[in-house]
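As structure tokens, the structure follows; a few thoughts come after it.
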Ligand code: RTP
Ligand code: MG
């Protein structure tokens, strides 16, 4: 059994896509073991995206991720890191497969509705960034 961190980004929340995203997880048999709505501070967003701090889009990404509320979730299931990435689609919605969340709802390479951890190590770091053990209920 694996866990991953999912975020519905500010654009997804603003477009009323919380239910749409959750429905896709539940339909795929993925279990939500933690969930909260929150607004990130600049330092929380910078810590979360620290791996990208040298990238040219970092400043813009931090402004975007702090621009409004997000929904953070811990997902659980077999192979859930890859399953979630498949439901999300490619970072650039123009390259995302038909039927994926980003292909259907993203408008921009940055405003791409969802985030999902990309490996077991990043999942552990990211889950820990948002949730403590008492907030995760299997
Ligand atoms: P995420 O981390 O949010 O799940 O997305 P990802 O793995 O598919 O993409 P990643 O390379 O980790 O990039 C993180 C987020 O930064 C924004 N981005 N903007 N302007 C740009 O060229 C650019 N490239 C990436 C996106 O919001 C991307 O999801
Ligand atoms: Mg990433």
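Values in this text are rule-based calculations from the coordinates and carry no lab data. A quick note: this is a predicted structure, and the numbers were derived from the prediction, not measured. Backbone-built Cβ (ideal geometry, glycine too); neighbour counts: all protein chains shown.
Structure notes:
- Once the Cα gyration tensor of the stretch 48-101 is diagonalised, semi-axes √(5λ) in Å: 23, 16, 12
- The tail of the calculated P(r) for the chain beyond 22 Å holds 32 percent of all Cα-Cα pairs.
- Across 38, 65, 88, mean-square fluctuation computed from a Gaussian network of the chain (C-alpha pairs under 10 Å connected) peaks at 38.
- Going from the fewest other Cβ atoms within 10 Å to the most, the residues 52, 115 appear in the order 52, 115.
- Highest-fluctuation residue, 34, 14, 123 considered, GNM on the chain with Cα pairs under 10 Å: 14
- Order of 37, 31 under a 10 Å beta carbon neighbour criterion, fewest first: 37, 31
- For the stretch 1-43 versus the stretch 92-138, the inter-centroid distance based on Cα atoms is 8 Å.
- Working from Cα pairs under 8 Å separated by at least six residues, relative contact order for the stretch 2-130 is 39 percent.
- Ranking of 118, 108 by count of other Cβ atoms within 10 Å, fewest first: 108, 118
- Between residue 38 and residue 110, the C-beta separation translates, for a Förster distance of 22 Å, into a calculated FRET efficiency of about 0.65.
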